[in-house]
Structures are given as structure tokens and as C-alpha cells.
Ligand SMILES: [Zn+2]
């Protein structure tokens with residue numbers, strides 16, 4: 001591509017002529033303005049081609065969060081239906097467990113993150129003791145789970161969850 005001819009403003013800022021698709025002059029802009037839009041577009045462009053890209057990982061995360069919050073319907077600790085979070089038991093960095101249905105429950109923001117009396121993040125001991133008692137079968141799965149590699153692509157995880165989530169609209 002031919003480099004556009006540049007100009008300088010009085011303050012010595014680089015200026016670019018902006019042209020339309022047939023090359024007619026439309027505007028003159030600073031480098032920042034002329035390229036900001038293009039850069040933003042580039043940054044935002046999701047990498048849909050790669051089934052293991054962040055784009056599909058984010059899609060899988062949102063679909064999983066919807067699943068957990070719909071399944072539980074309320075904070076399993078206090079019953080609140082407000083500010084529900086999808087709280088992971090094993091951390092999300094453990095990819096093989098990240099989207100396992102036994103590895104998350106719905107908790108309100110307070111009981112997920114903020115309460116020193118009871119929240120997973122601020123008082124994990126209390127949380128685990130409660131969890132073992134509240135969901136003994138899930139606890140058994142959690143306690144005996146062995147970490148292997150994630151056997152699906154992020155895209156496959158997402159597509160599976162999307163199907164499962166159709167039940168909430170039925
Ligand atoms: Zn709660």
C-alpha cells in the first residue's frame with residue numbers, strides 16, 4: 001500500500017489526509033485520530049478462527065456462568081437471588097476443571113467474595129466446612145478429582161454448554 005503523504009501542523013504534529021474509498025480527500029487528521037479507529041477495530045477483532053482463542057474461552061465462561069446461576073437459582077448459602085456469581089471451587093486456571101458442572105456453585109457477591117464471616121474468598125475454611133456438609137456428593141467429586149489435560153477445545157466447550165442452556169428457555 002502506498003504510504004499517505006503526511007503534513008505537519010504548526011505544533012509539528014503529523015497530519016494525515018483521510019480519503020474515501022475512491023481516493024477523494026475527506027478530512028485531515030492527526031496520526032492518533034486517523035489510526036485510533038483502525039487500532040480499535042484490530043484490537044476488538046475476535047479470533048473466531050482459532051477454537052482455542054480467548055474469544056471462545058470467554059464465550060465458554062459466560063455460557064458456564066449462565067448454566068451455574070440458572071441451575072442453582074439462588075445463593076446456596078443465603079438464598080438471595082441478587083448479584084449471583086458463578087463461584088469456582090478449583091480455580092479457573094485449572095483448565096480441565098474450569099467448566100465442570102461440579103466445580104462451581106451460585107453464590108451472591110457477598111458470600112462469594114466479600115464477607116469475612118462467610119465467603120469463599122475471605123474465609124475459605126468456613127466455606128469448605130459448609131460446602132462438605134451442604135453438597136456431600138459434589139464434595140466427594142471435588143475431593144477425588146484428578147487433573148488431566150482439557151480434552152475439548154474452548155469452542156467445543158462453549159457449543160456444548162450453549163446446547164445445555166437451551167433448557168432454561170424451554
Ligand atoms: Zn449469599
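The values are calculated or read from the model by the stated rules, or taken from the named source; none is laboratory data. Note that the structure is predicted; figures quoted are calculated from it, not measured. Please note: Cβ atoms are built from the backbone with ideal geometry, for glycine as well, and neighbour counts cover all protein chains shown.
Quick notes on this one:
- Positions within the stretch 127-148 being more than 25 Å from the chain's Cα centre (by Cα) and within 13 Å of the ligand (Cβ to nearest atom), in sequence order: 130, 134
- Considering residues of the stretch 73-104 that are within 11 Å of the ligand (Cβ to nearest atom) and under 30 Å from residue 152 (Cα atoms) only, the residue surrounded by the fewest Cβ atoms within 10 Å (Cβ to Cβ): 74
- If only residues of the stretch 129-159 that are surrounded by 15 or more Cβ atoms within 10 Å (Cβ to Cβ) and without any contact (Cβ under 8 Å) to a residue 12 or more places away in the chain are counted, the one that is nearest to residue 56 (Cα to Cα) is 159.
- Residues located in the stretch 136-156, provided they are at pLDDT 95 or above and not in a helix (DSSP H, G or I): 145, 152, 153
- Being under 30 Å from residue 20 (Cβ atoms) and in contact with a strand residue (DSSP E or B) (Cβ under 9 Å, 6 or more places away or on another chain) is true of residue 34.
- Within the stretch 8-44, being touching a helix residue (DSSP H, G or I) at 6+ places or on another chain (Cβ under 9 Å) and assigned to a loop (DSSP other than H, G, I, E, B) holds for one residue alone: 13.
- Residue list for the stretch 82-124, restricted to those being more than 29 Å from residue 148 (Cα to Cα) and without any contact (Cβ under 8 Å) to a residue 24 or more places away in the chain: 114, 115, 116, 117
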